[in-house]
1. Per-residue ellipticity at 222 nm for chain A, helices alone: DSSP H runs ≥ 4 residues times -39500 (n - 2.57), over residue total, nearest 500 deg cm²/dmol?
2. Using the number of other C-beta atoms within 10 angstrom as an exposure proxy, rank B:487, A:42 with the fewest first.
3. Applying a 10 Å radius around every beta-carbon, put B:227-234, B:508-515 in order of their mean neighbour count, most first.
4. In whole Å, what is the distance between the alpha-carbon centres of segment B:243-310 and segment A:160-233?
5. Please report the relative contact order for segment A:80-303, taking Cα pairs under 8 Å with a sequence separation of at least 6, and give it as a percent rounded to a whole number.
6. If neighbour count is taken as other Cβ atoms inside 10 Å, put B:92, A:40 in order from fewest to most.
7. Computed FRET efficiency, Cβ-Cβ of residue A:144 and residue A:111, R0 51 Å: what is it to the nearest 0.05?
8. Averaged across B:112-119, how many Cβ atoms of other chains sit within 10 Å of each residue's Cβ atom?
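What follows draws every value from the coordinates through simple rules; no lab data is involved. Values in this document were obtained by computation on a predicted structure and should not be read as measured data. Positions of Cβ are backbone-derived with ideal geometry, glycine not excepted, and every protein chain shown enters the neighbour counts.
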């Protein structure tokens with residue numbers, strides 16, 4: 001077959017949705033699509049519960065915005081909402097930069113076996129469930145049996161019950177999240193770092209740049225797109241993903257700073273059977289996430305080099 | 001642009017299709033007609049009038065479905081027993097038995113979701129009165145009075161007090177699990193051997209209690225030279241109700257800071273806004289800051305954590321079921337053989353009378369779901385056979401004969417108490433207890449004042465332990481006597497009072513709506529004040545503001561109006 005014929009055939013195939021080349025790819029994506037449809041689209045009409053009085057015996061009446069009025073007048077809702085944003089702020093201030101810094105530091109290590117060891121050890125906590133991690137930290141920080149307090153007392157200090165201090169909790173929780181996720185999250189940055197052209201470093205050295213200047217002028221610009229895309233992508237789910245760790249860590253002492261929307265939804269919906277209120281808060285949260293997603297999309301067009309949107 | 005339009009069209013179609021699927025997914029259970037609550041049971045219709053109509057003979061149901069919590073232990077325990085029991089009952093009575101046993105930890109959450117989906121059917125165990133009221137209000141369950149109107153066992157054997165407890169708006173809505181009719185209450189277990197060591201007697205006042213607890217913490221009661229002991233422990237507010245009671249800042253019967261009925265003033269009140277609450281919190285704050293109170297008291301150690309701590313021998317005590325005074329004693333003896341526990345039934349402080357409450361247990365309520373087929377036949381069959389028939393009663397309570405109870409003729413009577421074996425010495429020579437179904441909790445007419453402890457040797461009694469059965473039975477009886485002495489003492493000195501079941505919790509619709517919020521607000525305020533995270537004034541002010549915004553006063557007004565009184569407390 002000559003090249004002209006191949007080109008014609010390729011173009012003809014390109015116009016078809018299904019052809020021999022891509023049918024297998026479509027088949028591969030089918031199971032996740034079905035799952036996505038079952039678990040994300042079929043339940044979607046359930047958001048109607050936000051506008052109903054719907055209890056354990058089912059539909060009672062259409063309530064309009066009554067549920068929204070109720071939750072917006074509930075102090076617990078605003079407390080959970082505020083706490084959620086505190087965790088978001090801590091997340092962008094500390095958790096997002098942590099794997100970047102970690103990747104940069106790992107990148108500077110020249111001893112290969114040491115680098116691999118550090119990388120492996122730092123990645124391991126990611127595979128430990130939050131229940132176990134919470135247990136480890138509760139034991140470590142216990143005022144009566146915890147090693148941290150043994151050390152404090154050994155040096156003459158007073159034991160502190162860390163997990164009873166609402167003001168300390170966001171910091172402790174952020175530390176735990178970094179400890180758990182920094183190694184794993186740094187993998188993508190390490191991959192991006194591997195793609196930085198070595199000639200740029202050589203040129204920087206010739207220009208007299210030291211390590212820090214090389215990092216600032218070569219490395220960081222080299223992975224800028226990756227950083228931006230990951231940050232932008234994270235906007236759409238900033239209010240999610242905290243249920244499990246918060247659920248296992250919170251207690252009555254720190255309720256005021258640990259309760260978040262997800263745990264409040266669980267408490268209202270699953271524990272107390274107020275499904276309509278839980279759905280109302282869930283819808284409110286989803287609306288915020290959707291606005292953030294569009295914002296992220298708009299932002300991605302402006303900050304990425306090729307001006308592509310993420311949607 | 002064209003692509004966007006196509007995408008929008010597809011998404012719209014998907015959404016519409018989802019709506020259709022959801023709309024079509026409703027339960028199609030055929031509703032069983034609800035009997036009118038005031039209607040009398042339908043008599044057998046006869047064509048010609050007869051002077052003496054034949055009483056209706058109720059047929060056995062085709063199938064009975066039971067939803068039980070802690071049936072032979074938690075959901076994954078004793079699976080073979082769980083499987084065998086329904087078969088044995090089925091073989092005996094010829095009625096098909098099916099069961100569901102959700103895990104204890106999230107039992108109510110699971111059955112609530114199941115009720116919402118319409119899948120929950122049969123006779124369902126609930127955790128308590130408030131759920132019963134809610135499920136009645138939600139029209140999920142049948143009233144049982146009419147169904148059981150002609151049931152002989154119901155009319156003659158079941159105590160009237162049981163029926164009263166679960167009567168709402170003139171109808172009985174649940175059948176209790178039952179109980180022997182012994183008083184049940186929480187008391188403080190304290191290390192008697194530690195009190196002896198410091199020359200202290202059993203405390204009756206909050207000051208005496210503090211003095212003892214302080215010494216338990218700082219005077220090395222276990223004598224090992226290490227500061228490893230703590231005055232007392234608790235899981236949240238649950239195990240220190242007596243301290244709040246001493247200051248007349250009562251929590252409710254399950255230690256929730258919710259509106260309660262005060263026996264001394266016969267009025268419903270919110271302890272959280274009483275000045276006495278500040279005094280109670282100041283006392284607890286002092287205990288907490290001095291580490292006389294377990295520093296992890298509000299850290300969610302739970303019931304198991306609390307029990308484990310007291311049993312470890314390193315904690316001076318806690319406030320828990322009176323039977324646990326003996327259990328703690330046995331557990332601590334494994335670590336410190338000379339240890340013993342004393343029972344502190346109440347602590348006086350600001351007030352000296354009607355401090356701690358007790359009740360006469362009747363067990364958890366069982367309700368009949370409206371999705372149940374043959375509801376009348378099912379409830380009558382259950383009541384008749386499990387309360388009226390000896391085989392059913394003992395099989396429901398302790399398990400089938402031959403399966404876990406040994407042989408029936410080995411049951412005996414000692415000092416007028418029926419003793420049924422459920423403890424035995426196993427092949428390894430250790431004392432073991434048979435797990436029980438707990439489907440029936442007891443009946444005053446068949447009370448086992450000491451249910452426990454008669455030997456069932458496998459394969460034969462060990463040498464030198466031939467009298468073990470008698471000894472353990474005697475110990476069990478002695479322990480029951482101790483429990484009786486405790487309650488008698490505190491009733492006699494006026495410190496304990498019986499809390500009527502209908503005054504345990506509010507029946508106000510508002511209470512059902514905001515009960516959880518009140519509990520959260522109260523517990524958070526107490527934890528913040530005790531730990532010093534907030535000043536006592538700020539913590540209580542925060543609670544007051546929340547209580548005002550969610551309308552707690554409505555509950556007080558509702559209940560006080562029923563008593564013909566006016567709420568005196570104000571949230572302004």
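1. One gets -19000 deg cm²/dmol as the mean residue ellipticity at 222 nm.
2. So the residues, fewest neighbours to most, are A:42, B:487.
3. B:227-234, B:508-515
4. 49 Å
5. 27 percent
6. Listing B:92, A:40 from fewest to most nearby Cβ atoms yields A:40, B:92.
7. Taking R0 as 51 Å, the efficiency between residue A:144 and residue A:111 is 0.75.
8. The mean count of partner-chain Cβ atoms within 10 Å per residue comes to 4.
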